1. Condition (residue is part of a helix (DSSP H, G or I) and open to solvent by 70 Å² or more (accessible area, probe 1.4 Å)) applied to region 16-29: is it met by at least one residue?
2. Open to solvent by less than 50 Å² (accessible area, probe 1.4 Å), of a type in the set (S, T, N, Q), modelled with pLDDT of 90 or more and assigned to a strand (DSSP E or B) - does that describe any residue in region 66-82?
3. Among the residues of region 201-217, which ones are open to solvent by less than 60 Å² (accessible area, probe 1.4 Å) and in contact (Cβ under 8 Å) with a residue 24 or more places away in the chain?
4. Run down Asp245, Asp235, Asp264 and say which single residue is surrounded by fewer than 14 Cβ atoms within 10 Å (Cβ to Cβ), at pLDDT 95 or above and not basic (Lys, Arg).
5. Kindly provide the set of residues from region 249-261 that are of a type in the set (S, T, N, Q) and either surrounded by fewer than 18 Cβ atoms within 10 Å (Cβ to Cβ) or at pLDDT 95 or above (or both), ordered by number.
6. Tell me, please, whether a residue that is part of a loop (DSSP other than H, G, I, E, B) and of a type in the set (D, E, K, R) can be found in region 44-53.
7. Give me the strands (runs of 3 or more DSSP E) completely within region 235-281, filtered to those with at least 3 residues that are of a type in the set (Phe, Trp, Tyr) and under 15 Å from Ala158 (Cβ atoms), ordered by residue number.
8. Which residue, of Arg89, Arg114, is open to solvent by less than 70 Å² (accessible area, probe 1.4 Å) and within 20 Å of Ser250 (Cα to Cα)?
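The values are calculated or read from the model by the stated rules, or taken from the named source; none is laboratory data. These numbers were taken from a predicted model, which means no experiment stands behind them. Cβ coordinates were reconstructed from backbone atoms using ideal geometry, including for glycine residues, and neighbour counts include every protein chain displayed. These accessible areas exclude ligands, DNA and RNA; they are computed on the full protein's heavy atoms, side chains included. Shrake-Rupley method; radii C 1.70, N 1.55, O 1.52, S 1.80 Å.
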Amino acid sequence: MSRVLCRYVCESSKPFLAALEKRGIRYECPEPLPGAARWTVFTVERARLEDRELFELAEGRKISCLLTRQYTKREMEDARFFTVRCDYRKLAVREEPQTTWEYPCGHGNGVFCRRVQTGPFVCAGPFRWRGQRHWVSETGFSPPLFCDTVTREALEGADLAGVRFLPVYDRDGAEPLPHLHQLLPGKTLPREALVLPENGEDCRLKPCPLCGAPHYLLTGAFQLKARETYLAEGDIFATEALFSDLYARSMTIVSQTFFRLLRDKKLDKNLRFEPVAPESA
């Protein structure tokens, strides 16, 4: 079974540390900056926070809490589909003139709620692959996904359904870069393909304040649930742009075949895969 981990950063005190030690919870107390208060870092399973005293202590002294969901090896092997994102966010793209996106809700002072890709990306400056990296995403954001030529050729050679690519252009917008390619899912799932609670523990509906379109705020412990009938044919899909607070982003869903291909060829560095929970109805 997957488990949810809570990584707390809390204000430190002797009674607080004693309470952690009493419960056998390991912690760290990093050396503070000059003049700053001491703080304590520790990780517990969310299930342990049913201990009300521990929960109240942690929440009462909380500076931040990062939630993550941890999957077992068996869950990864048994999953038919995964969400995938890239944690290497180093691709700077050109913002002006903007030729990549349209903004259905308007776009002013850098604030927008929805955007739709209508053209290829243009780099803001030179881009070079560093080390054994095969994937990159836009600076500051996770989707879309960009890969190198070795990865593109491996995916194209595997005859995966729905995989296609867009060129990425140099900063002048004149020539496509030979070593950088945008992975573009060939199919977008309709909203009804997903099972999303309006007010769940890790997923909360917050409509766009400009147009009323649904946005869902997620915690790091969120696991996407999708209806299996919509995933019957294909190896890569995109959801509608439904997620996140600042503007609605899509998720990319890939098959077990896609996942294993990249893993077996060691082309999955910087990618984070999480199983999609199937819904039969």
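1. yes
2. Within region 66-82, none of the residues are open to solvent by less than 50 Å² (accessible area, probe 1.4 Å), of a type in the set (S, T, N, Q), modelled with pLDDT of 90 or more and assigned to a strand (DSSP E or B).
3. Asp202, Cys208, Ala213, Pro214, His215, Tyr216, Leu217
4. Only one candidate passes the filter, namely Asp264.
5. Thr252, Ser255, Gln256, Thr257, listed by residue number.
6. Scanning region 44-53, I find at least one residue that is part of a loop (DSSP other than H, G, I, E, B) and of a type in the set (D, E, K, R), so the answer is yes.
7. Numbers: elements: 236-238, 252-255, 271-275, 277-279.
Where strands (runs of 3 or more DSSP E) fall fully within region 235-281, none carries at least 3 residues being of a type in the set (Phe, Trp, Tyr) and under 15 Å from Ala158 (Cβ atoms).
8. Every option except Arg114 fails the conditions.
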